[in-house]
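These notes concern the structure reproduced below.
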Amino acid sequence: MDSETIFKSVYETILKRDTRYDGRYYVGIVTTGIFCRPSCRSRTPKPENVKVFKSIEEAQKAGFRPCKRCRPENPSKHGPDAEIVQRVNTMIEKDFAQNLTLDRMASELLMSPYHIHRVFKRMTGTTPSKVLVQRRMEKAKSILADQNTSISEIARHVGYSSVSHFSSVFKKMTGCTPIEYRSESQLTNRRGEG
């Protein structure tokens, strides 16, 4: 393949923001003096303003500095957006029973709530708050199998201070109240034993 054909295929990955090529090469933008991952979401440079480098060192040696948006010097394979999603998911898994708001997540991750919400939605197709509610409902369903745990205890255990709010969210997510869900689960278990 000649160098022009190679450049065209590289430029295609920039246009598609293809993460598969992150770390394989780096894109220098002549007009800004910045180098990025091929998947960087910054404004797409014109082809004549692009230089391709095989390594971070090569880009820096040529006088380019790392992009603050895509952080090409960060060794994370999938870039900072995937890292944000992973950190938000970890926080939800660990702290779902607490008062976990987007503002609190943003404060812990040292970025704006708007940025977290936008990146998370773009990467996953859903929002952090929906994932949080789903996690809480999964946990609530597993606890509802225990007859000895009251609905108010379950509500508190999964992060709701109000039983009526918990029951309302539960019904919206599952189509039945926590009490109805518990009764249905018991019937199903009895049928399975019989």
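The values are calculated or read from the model by the stated rules, or taken from the named source; none is laboratory data. Model, not experiment: these values are computed from the prediction. Cβ placement follows ideal geometry from the backbone for every residue including glycine, while neighbour counts extend to all protein chains displayed.
With 120, 96 as the choices, which residue is in contact (Cβ under 8 Å) with a residue 60 or more places away in the chain and in contact with a helix residue (DSSP H, G or I) (Cβ under 7 Å, 6 or more places away or on another chain)?
Working: 120 fails: in contact (Cβ under 8 Å) with a residue 60 or more places away in the chain.
That would be 96, the only listed residue that is in contact (Cβ under 8 Å) with a residue 60 or more places away in the chain and in contact with a helix residue (DSSP H, G or I) (Cβ under 7 Å, 6 or more places away or on another chain).
Under the condition of being within 19 Å of residue 171 (Cα to Cα) and either of a type in the set (A, V, I, L, M, F, W, C) or surrounded by 16 or more Cβ atoms within 10 Å (Cβ to Cβ) (or both), the residues counted in segment 121-146 number 12.
Exactly one residue out of 104, 118 is more than 20 Å from residue 17 (Cα to Cα) and surrounded by fewer than 16 Cβ atoms within 10 Å (Cβ to Cβ): that is 104. Number of residues in segment 159-178 that are assigned to a helix (DSSP H, G or I) and surrounded by 14 or more Cβ atoms within 10 Å (Cβ to Cβ) equals 9. In summary, residue 99 fulfils each of the numbered conditions (1) surrounded by fewer than 17 Cβ atoms within 10 Å (Cβ to Cβ); (2) part of a helix (DSSP H, G or I) with the single exception of condition (2).
Whenever a residue of segment 170-187 is assigned by TED's automatic domain parsing to the domain that holds residue 153, its partners that are assigned to a helix (DSSP H, G or I) and of a type in the set (D, E, K, R), lying with C-beta atoms within less than 6 angstrom and at least six residues away or across chains, give the pairs 177/171.
Just one of the numbered conditions (1) closer than 30 Å to residue 158 by Cβ; (2) of a type outside the set (D, E, K, R); (3) assigned by TED's automatic domain parsing to the domain that holds residue 9 is not true of residue 91: (3). Of note, residue 144 satisfies the criterion of being at pLDDT below 95 and within 18 Å of residue 182 (Cα to Cα). Looking at this structure, is residue 121 modelled with pLDDT of 85 or more, farther than 23 Å from residue 12 by Cβ and touching a Ser or Thr at 6+ places or on another chain (Cβ under 6 Å)? So residue 121 fits the description; yes.
When residue 76 is tested against the conditions (1) at pLDDT below 90; (2) farther than 21 Å from residue 17 by Cβ; (3) hydroxyl-bearing (Ser, Thr, Tyr), the lone failure is (2). The single condition from (1) modelled with pLDDT under 90; (2) on the phi < 0 side of the Ramachandran plot; (3) in a loop (DSSP other than H, G, I, E, B); (4) not assigned by TED's automatic domain parsing to the domain that holds residue 158 that residue 26 fails is (3). All of (1) surrounded by fewer than 14 Cβ atoms within 10 Å (Cβ to Cβ); (2) modelled with pLDDT of 90 or more; (3) not hydroxyl-bearing (Ser, Thr, Tyr) hold for residue 155 with one exception: (1). Inside segment 55-93, residues that are in contact with a helix residue (DSSP H, G or I) (Cβ under 8 Å, 6 or more places away or on another chain), surrounded by 16 or more Cβ atoms within 10 Å (Cβ to Cβ) and assigned to a loop (DSSP other than H, G, I, E, B) make up a count of 4.
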